[in-house]
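Step one of this worksheet: look at the structure below.
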Amino acid sequence: MTEIVKSITTPIRLEYVYRPGRATSRFLRGLAEGRILGQRCPVTGKVYVPPRGASPTHGVPTEEEVEVRDTGTVTTFCIVRIPSEGLSIPPPFVAAHILLDGADIPFFALIHECPFDQVRMGMRVKAVWVSKEELAPTFESIRYFKPLDEPDAPFESYREHL
Amino acid sequence: MRDVAIVSFAQAPNVRCETERNEVEMLMPVVAEALAASGIARGEIGFTVSGSCDYIAGQPFAFVSGIDAVGPWPPINESHVEMDGAFALYEAWLKIQSGEVDSALVYAFGKSSMGDIAEVLTLQLDPYTVAPLWPDAVSLAALQARVALDRSRVTERAMAEVAARSRRSAKANPNAQLRGDFDVDALLAEPYLVAPLRKHDCPPVTDGAAAVVLAAGELASRSCARPAWIRGIDHRIECHSLGARDLARSASTEIAGEKAGAFTGSFDVAELHAPFTHQELILCSALRMAPSVSVNPSGGALAANAVMVTGLIRLGEAAARIHAGDARRVLAHATSGPCLQQNLVCVMEA
Amino acid sequence: MAERCAVIGVGQTKHDAKRIDVSMPGLVREAALRALADAGLGFADIDAVVIGKAPDMFEGVMMPELFLADALGCSGKPMLRVHTAGSVGGSTAIVAASLVQAGVHDRVLTVAYEKQSESNAMWALTVRIPFQQAVVAGAGGYFAPLIRAYIRRSGAPDDTGVRTALKDRTNALANPYAHLVFPGITFEQVASSPMLWDPIRYLETCPSSDGACAMVLASEKAAARAPGRPAWIHATAMKSEPTMFAGRDQVNPRAGRDCAAELYRKAGITNPRRDFDVAEIYVPFSWFEAMWMENLGFAAPNEGWKMVCEGATAMDGDMPVNCSGGVLSSNPIGASGMLRFAEAALQVRGQAGEHQIDGARRALGHAYGGGSQFFSMWVVASERP
Amino acid sequence: MSRSLQEAKHVLEYPYRRSVGPVLGRFFGALAEGRIEGVRTQTGHVLVPPQEYDPQTGEATGEPVAVASTGVVTAWAWVDRPRPKHPLANPFAWALVQLDGADTALLHVVDAGEMARMKTGMRVRARFRDERVGEIRDIACFEPEEAR
């Protein structure tokens, strides 16, 4: 009697070559210099960080470069409590939306140097960079954000960014 | 049926590798150009639909950022097919036929250069008994060419003549990637890539993007001096297994051609989506192309083959002949799947 | 000018974490053959097939409609493949309906599926891409901050999500096709389940399922010959907005509000809470029920949670939502949206079995996808439009 | 305008685990035993590889049918420079092989050494792997059946 096979394994491996394009290249080069560079939408004047070269609301190129600060306000966040593939740090940890000072769209980053259950909406935070020698054109140049010793921002100041 | 026409068409220059711009940056000027040519304002477009494929980009949801290129704000009526943009155009045509909208923007994008496209296309095959052997797209096309050589009037010389003619025609197409004069005897003296295919029988690897605007009735007449009216459009698929169908003919093209009205009257121009030389010969036979028809004056897929865009470009190129006043009745064809598994035929008139 | 279109056949698979007993063709055929049987038809009677699913990387097959064509009796017929992220099941049904509404075909089979057990959804959703920021912890990690923002904005009580989860998990007990089944589940069990992506608990989260859904859509002429009661499509709508832009309201996205407004205008709905008898809404994390109640106009802004807390969305409430158990109970991603549309159709056909709302005449089917940016919806009713 | 940063490699990799269903499950089971089985459609055609349905109509197929491990090449393409993922590292032919007793052709490879030995209509025989696990690659390749 032939044994019925239930399943087979079919490994798939494909290799691709990625190129970041101009806007992302400028942003990543900025990180290598310890700077956070956004781009301004020519129609709405809003500053996008990281920039993708296009205004998502108007379908036009964003060319004007704007440097934003590495401080900002936590608009909202999630406490990740389960481990999963690809995480470099053990849970629990906080992943936050951070509205950088000078930007008009939240930036995603981790928050450390603060107990995870004390992170708040409105909390003021600052980027913690890798050492000067380690700065490189990658997102990893910013290790995470840490709390600033400042009063929380009022809800009204960021409610439009939720 | 409503009268629906292609009223404008734009495409990015087809290139071997677009290193400077991401997909959105490639699409933006193309969408802007197609909209400007139609005279229909961005906010007035009734429906937007695109064609692209995650596996071309190597990441899930690759199409999502594409819509940034149209600036979908306020929110728009929008859809996406994981197929060539030609099939997105079909969905747009349906939407207009249903009476829900009067105009549509259709776009497609793909950077084939990002991966090994012949190997990426292997993932289209039956995942149980075929894909695990990793036959690449060129090898499968070569099998089909063999069947055509064995069982029909296709010859290697006729195939080389298709290649030479396509690349000669492409000299007049500023957006083409491969163009020039080639000697058929010299081509035939080249070694096989995968026998019976030589390099010239195969398409180039291409990055590209294209956009088309469709409009109905009076809006079409206002948007374009010579609209390319869609008189018939249909697409058909046939069975997947290469060993269970007749590879020497394209049965699904025959049905789609019949349904689209391709066999009533003559054509000035036909733009056929044939990435491999023998496929053009198979398609010409399936569509009963008269020798007088100018086939692929743009150079076709042999001159530029941005996968997921090539079919939409065929529709756009054919329509552009009407827009320019160079043709009165044209046929456009698009294909999907291994060895011409799925085929779309569209008949347009001035 | 559009032709009328009706649902005359509905089929779905038993949804499960691993449908190890079937191949992909077997899975889609299980749903398709049930829909055909319901419609009293065979593959030969079908004019065209429209298939939808979420990313191809879930199963590692590029454009799988090509190899599934034979399994769905498609040879010589038109076939289209839709992909609009999580809303795809809904938009696939809408594309299929437009084939009938455009007057092109009389009987269209539409199928949506996902066989997530072929890989791992968390892997496929968090593929690491060069030059881009790493995605943190899948869909839960993405949506949890939006839920937190909703709680802050609305002042909703913390147990709102628990209540929805308990309701949907209880409803699922009456649905033989549901994947997650917890007999005798209690409020305490949900409330004490572990936090995964705070504020989302384990039992407030959708599963990862293998499953498929299929429907046969028909013109008025073809529907007249159907053996069962048709569900008439009164309106469909789709709306999209960018994933991210300055000032975007991600909690109550305008694309969803605009989509509902267009849908209601087309269907003549003036008061959704009064005009609908039942709704099937795409709720992958329990809090989204309250959020979508507002987005869909069933409740005023910041008051959706009141419907949940008052029991309005329960089977015996005035606006029953997700009587099938919803996405929280079965989530074959590509099919999840079509399941909402199909369950709405089953309700107005009186064929929802143990989770039927008696006398349901008009129902809403809803799906969303991407970063709450793609919406597709339909209204189906027992009466002809 | 500054130019783009250097390119980077992106690898998309997963060992998909596919449930195969009853019809292919039996086919793969037979391959593990060094035999090839097809399936009969309602119209009497024998499909190899078998499918759960008739590719022309979508109707369910019937009982399994044993076929020979020999057959005829109905189409072939010669690969001089195999790709790393190809089943054979030496030059070989892709081929559609209609096995004796089957009505459809199976896609596989023929190890013929050189292109001059390939011909449409030639007879070939399956060479099975010694270590078989129940999958299509249990057939290592086909080879010319020159003894006949």
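The values are calculated or read from the model by the stated rules, or taken from the named source; none is laboratory data. Since the model is a prediction, treat every value here as computed from it, not as a measurement. Cβ placement follows ideal geometry from the backbone for every residue including glycine, while neighbour counts extend to all protein chains displayed. Quick note on the areas: whole protein, heavy atoms, side chains included, nothing else; ligands and nucleic acids left out. Shrake-Rupley method; radii C 1.70, N 1.55, O 1.52, S 1.80 Å.
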_For B:Ala220: the one exception among (1) more than 18 Å from B:Ala86 (Cα to Cα); (2) open to solvent by less than 20 Å² (accessible area, probe 1.4 Å); (3) assigned by TED's automatic domain parsing to the domain that holds B:Ala131_ = (3)
_Residue count for the range C:110-153, restricted to those that are under 20 Å from C:Val22 (Cβ atoms) and either of a type in the set (S, T, N, Q) or in contact with a His (Cβ under 7 Å, 6 or more places away or on another chain) (or both)_ = 5
_B:Leu133 vs. criteria in contact (Cβ under 8 Å) with a residue 60 or more places away in the chain, assigned by TED's automatic domain parsing to the domain that holds B:Thr277 and within 21 Å of D:Cys141 (Cβ to Cβ)_ = no
_Matching residues in the range C:60-107 - criterion: being part of a loop (DSSP other than H, G, I, E, B), open to solvent by less than 10 Å² (accessible area, probe 1.4 Å), within 14 Å of chain D (Cβ to nearest Cβ) and closer than 20 Å to C:Asp45 by Cβ_ = C:Ala69, C:Gly73, C:Cys74
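Kindly indicate whether C:Glu65 is within 30 Å of C:His234 (Cβ to Cβ) and touching a strand residue (DSSP E or B) at 6+ places or on another chain (Cβ under 8 Å). Quick ask: steps written out before the conclusion?
Values: within 30 Å of C:His234 (Cβ to Cβ): yes; touching a strand residue (DSSP E or B) at 6+ places or on another chain (Cβ under 8 Å): yes.
Yes: the conditions hold for C:Glu65.
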_the range A:123-137, subset small (Gly, Ala, Ser) and within 17 Å of the chain's Cα centre (by Cα), residue nearest to A:Pro106 (Cα to Cα)_ = A:Ala127
*Which strands (runs of 3 or more DSSP E) does the range C:172-247 wholly contain that include 3 or more residues that are more than 22 Å from the chain's Cα centre (by Cα)?*
C:195-198
*Can you tell me which residues in the range A:126-143 are open to solvent by less than 30 Å² (accessible area, probe 1.4 Å) and over 21 Å from A:Pro51 (Cβ atoms)?*
A:Val128, A:Val130
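Looking at B:Ala88, B:Ala145, which one is within 8 Å of chain D (Cβ to nearest Cβ) and in contact with a strand residue (DSSP E or B) (Cβ under 7 Å, 6 or more places away or on another chain)? Outline the logic, then answer.
On the way: B:Ala88 fails: within 8 Å of chain D (Cβ to nearest Cβ).
Matching residue, one of B:Ala88, B:Ala145: B:Ala145.
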_Take the residues in the range C:32-59 that are among the charged types (D, E, K, R) and over 22 Å from the mean Cα position of the chain (by Cα); name whichever of them is least open to solvent (accessible area, probe 1.4 Å)._
C:Asp47
_Regarding the range B:19-35, can at least one residue be identified that is more than 12 Å from every other protein chain (Cβ to nearest Cβ) and assigned to a loop (DSSP other than H, G, I, E, B)?_
no
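Kindly indicate the residue of the range A:5-42 that is in a loop (DSSP other than H, G, I, E, B) and modelled with pLDDT of 95 or more and also nearest to the other protein chains (Cβ to nearest Cβ) among those meeting that condition.
Filtering the range A:5-42 for residues that are in a loop (DSSP other than H, G, I, E, B) and modelled with pLDDT of 95 or more, the one nearest to the other protein chains (Cβ to nearest Cβ) comes out as A:Val5.
Of everything in the range C:7-28 that's more than 9 Å from every other protein chain (Cβ to nearest Cβ) and in a loop (DSSP other than H, G, I, E, B), which residue is nearest to D:Ala60 (Cα to Cα)? Show your work before the answer.
Initial filter on the range C:7-28 (more than 9 Å from every other protein chain (Cβ to nearest Cβ)): C:7-17, C:28.
When the remaining residues are screened for being in a loop (DSSP other than H, G, I, E, B), the result is C:13-15, C:17.
Values: C:Thr13: 17, C:Lys14: 20, C:His15: 22, C:Ala17: 26 Å.
Per the stated criteria, the residue is C:Thr13.
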_When the residues of the range B:36-61 are narrowed to those that are free of Cβ contacts under 8 Å to residues at least 24 places away in the same chain and at the interface with another protein chain (Cβ under 9 Å from one of its Cβ atoms), which ends up nearest to B:Gln97 (Cα to Cα)?_
B:Phe61
_Residue within the range B:19-28 that is buried (at least 18 other Cβ atoms within 10 Å of the Cβ) and closer than 17 Å to B:Trp93 by Cα present_ = no
*Just wondering, is there one or more residues in the range C:134-142 that are outside any helix (DSSP H, G or I), crowded, with 23+ Cβ neighbours inside 10 Å and in contact with a Pro (Cβ under 8 Å, 6 or more places away or on another chain)?*
no
_Anything in the range D:14-35 that is facing chain C (nearest Cβ under 10 Å), open to solvent by 20 Å² or more (accessible area, probe 1.4 Å) and either assigned to a helix (DSSP H, G or I) or acidic (Asp, Glu) (or both)? List them, or say none._
D:Pro22, D:Val23
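Looking at this structure, is C:Ala214 touching a residue at least 40 places away in the same chain (Cβ under 8 Å), surrounded by 19 or more Cβ atoms within 10 Å (Cβ to Cβ) and in contact with a Gly (Cβ under 6 Å, 6 or more places away or on another chain)? Outline the logic, then answer.
Details: touching a residue at least 40 places away in the same chain (Cβ under 8 Å): yes; surrounded by 19 or more Cβ atoms within 10 Å (Cβ to Cβ): yes; in contact with a Gly (Cβ under 6 Å, 6 or more places away or on another chain): yes.
Considered against the rule, which asks whether it is touching a residue at least 40 places away in the same chain (Cβ under 8 Å), surrounded by 19 or more Cβ atoms within 10 Å (Cβ to Cβ) and in contact with a Gly (Cβ under 6 Å, 6 or more places away or on another chain), C:Ala214 comes out as yes.
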_Can you pull out every residue in the range C:248-263 that is within 18 Å of the chain's Cα centre (by Cα) and surrounded by fewer than 23 Cβ atoms within 10 Å (Cβ to Cβ)?_
C:Arg257
*Would you mind stating whether B:Val49 is open to solvent by less than 20 Å² (accessible area, probe 1.4 Å), in a strand (DSSP E or B), under 26 Å from B:Ala324 (Cβ atoms) and outside the structural domain of B:Arg314 (by TED's automatic domain parsing)?*
yes
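Name the single residue, out of those in the range C:113-136 being more than 21 Å from D:Val11 (Cβ to Cβ) and not charged (D, E, K, R), that is farthest from the other protein chains (Cβ to nearest Cβ).
Of the residues in the range C:113-136, the ones more than 21 Å from D:Val11 (Cβ to Cβ) are C:113-117.
Next, only the ones that are not charged (D, E, K, R) stay: C:113, C:116-117.
Values: C:Tyr113: 13, C:Gln116: 11, C:Ser117: 7 Å.
Checked the range C:113-136; the qualifying residue farthest from the other protein chains (Cβ to nearest Cβ) is C:Tyr113.
What about C:Arg254, is it touching an Asp or Glu at 6+ places or on another chain (Cβ under 7 Å), free of Cβ contacts under 8 Å to residues at least 60 places away in the same chain and closer than 30 Å to C:Arg163 by Cβ?
Values: touching an Asp or Glu at 6+ places or on another chain (Cβ under 7 Å): yes; free of Cβ contacts under 8 Å to residues at least 60 places away in the same chain: yes; closer than 30 Å to C:Arg163 by Cβ: yes.
Spelling it out, C:Arg254 is indeed touching an Asp or Glu at 6+ places or on another chain (Cβ under 7 Å), free of Cβ contacts under 8 Å to residues at least 60 places away in the same chain and closer than 30 Å to C:Arg163 by Cβ.
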